[in-house]
Structures are given as structure tokens and as C-alpha cells.
1. With charges only on Cβ, +1 for K and R and -1 for D and E, what is the dipole size of the chain about its Cα centre, in debye, rounded to 20?
2. From the Cα trace of the stretch 5-144, what convex hull volume per residue do you get, rounded to a whole Å³?
3. Neighbour counts of other C-beta atoms within 10 Å: give me LYS49, LYS233, LYS247, LYS42 arranged from fewest to most.
4. Among ILE108, ILE296, ILE270, determine the one that fluctuates most according to a GNM of the chain built with springs between C-alpha atoms less than 10 Å apart.
5. Among the DSSP beta bridges whose two residues both lie in the chain, what percent are antiparallel, rounded to the nearest 5?
6. With springs connecting C-alpha atoms under 10 Å apart, model the chain as a Gaussian network and identify which of SER294, SER214, SER171 has the largest mean-square fluctuation.
7. Which order do SER3, SER289, SER22, SER212 fall in if you start with the one that has the fewest other Cβ atoms within 10 Å?
8. Could you pull out every residue, at least 5 positions away or on a different chain, whose amide H is within less than 5 Å of the one on THR5? Hs are placed 1.01 Å off N in the peptide plane, and Pro or chain starts have none.
Amino acid sequence: MDSKTFLVINLSCFGDVLLTNSLCQNLKINYPDSKIVFVVDKPFEDVAKYQKDVDEVLVFDKSKTKSFFKLLKYAKNCPYKRKIDASFVIYGNTRGLILSKLLGAKKIVTGALKKSLLINTPQPKCYMVTSVQRANEFLAEVITEKESENLPIRFLPKDSDLELNIDKENSIALCLEANNQEKDLPIDIAVELIQKLNEDGKKLYLLGAGESASIYANDLRLNNCNFIDLTNKTNFNDLAQVLKQVKGLISIDTGTMHMACAVDAPVLGIFLKQDNVEKWAPDKNLYKSDIISSDISAENIINKFYGLVNNG
């Protein structure tokens, strides 16, 4: 097949960017000589950069590109202007759609859940599924005209400068807090969970980012919880390396959960919001994963996690 240039635009957050990777892989399978250029918001540059089959990353700083004039300037300076065979705008982001038009993309494909008022785009099968990852994969079919493959997302980190000397068999990573407080594991359950794992002799690595993660970690320490605090101490590459080295991850519904999947690490996802399960839960057919979404207690979390990592 002839060489093509595909633009993948995802201006959302950590987990969303990772879940776009299976689209990139599907495009590369059908067009092995193609160039896949990923446009991403500045904080998540490395999340796109180290994905399988992503050839180049263009940073789109949303905080500095709010006006139409700045968007026009960005498009003018883009090296791929009028060279794009197809632009994939994840979730139908308005700025992404306008940018695709300004860059002169020959075809624009969007995963918006309703028809865009800006651009008359094709409606792929993503409208018929709830899984975000599967919906992204279906976008490829508009271009390839072939059934998309359900592929595991893959993140390929470089060597990390973080020296942890992790004992894989006895080490567990935890991500129990997010920016969305509704997803956080209640502190009383988290305290019981960590104390039980401490009693089991496990070495725990607490992950997280932002001020709220630091506050959550401090609350755990005040409740006599023992763990290695990595909150706000890892970049995305470091995070991937930690997840590759531990026995597995216990995580709420957040980007860290998807990163574990992307590096092929066992992960137990905790879903406090039942409505999020179909949309965001890892596919057990693709990943060594399980979820808990009801009867969420420290004992049930531990039993599910041990069952996951000790079987198979």
C-alpha cells in the first residue's frame, strides 16, 4: 500500500491518550509504510511519544492555544499542513476538528457521540459500543475499509533513572486517589487495605500526582500505614517502569490503571462508579486484569488481587 500520513488528535487526559493506541496499531497494520503523527496536550507528550506505532508527536498546548488566532498560527507552523491523508479527532474535540480543517486534512474522522455541527464526518461503528478503547479502534475502519482488530494498548518506556531495586514477588503498586474525588477509595478502606498488606509482608509503592495525592498520602501515614511514597515523584516513563517491576497494581479507575495494561502488568481496577465499568474497565481478553465494583472492602480487594496474580 502507498505511504500515507495520519494525524491522531487526542487533547484529553492521561488514560484517554493511552486508549487511543489501538487505533494507531490498526492503522499501521493496514498501512505499514504510513506515518502516524499524534497531536497531544503538552502535559501528556510522553504518554503519546512512547506508544507502539506512533512515529512522531506534536505538542498542542491547550492553555496557550485558546483563541482562533493562536489556533490559526499553530496550523500555519505545522509541518504537515496539506500533507494529511486523514485526521482522527478523538471524541470530536472542537479545537481538533477546526485544526484538521485548517491543516487541510483530506478526510476527517471523529469519535464524537453525536454528529458534529462543524464538520460532516463519517459515522463509524464506534457509535454502537460503550468501550472507549474499542470505539477508538473502530475509527480506523473508515479509512481501511476492513474490520478493526481488538488489540492491547502498548507503551514502550525507555530506561528510567529511578533506582528502586524492586523485589517483584513481594511488591505491590497502589493508586487509590485521583483528581475526581468520586473515584477515590474511601480512606478507611484504604487504611485497612494497606495495613493488611503490611501484615502480609508486602512492600507497597503508593502512586499518584497532584496536591490531592499528597494530602491522601499524608492521611494514610497519620493512620500508621507503611508504604514507599512515590506520589509526585515519577514522570510517565518512571511510572511505566515501576509498574513493569512490581507483582501487580491495585488501582482505582484512572490513567495509572491503563498504564499498567499498556506495560502488560497485572492490574485490579476498583470502580466505585458502576456506570464507568463498561466504558473504562480493562478487557480481560487483552490484559491480565480483573475489577471490583461492588462489595468493595479491603478483604475483597486483597482476595481478588491475590487471585489475579497467583493464578496463571
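Values quoted throughout were computed directly from the atomic coordinates according to the rules given, and no laboratory measurement underlies them. As the structure is a prediction and not an experimental result, all values here were calculated from the model. Quick reminder, even Gly has a Cβ in these numbers, built from the backbone with ideal geometry, and neighbours come from all protein chains shown.
1. I would put it at about 1800 debye.
2. 95
3. Ascending Cβ contact count within 10 Å gives the list LYS42, LYS233, LYS49, LYS247.
4. It is ILE296.
5. 5
6. Most flexible of the set in this elastic network: SER294.
7. Ascending Cβ contact count within 10 Å gives the list SER3, SER212, SER289, SER22.
8. LYS35, ASP85, ALA86
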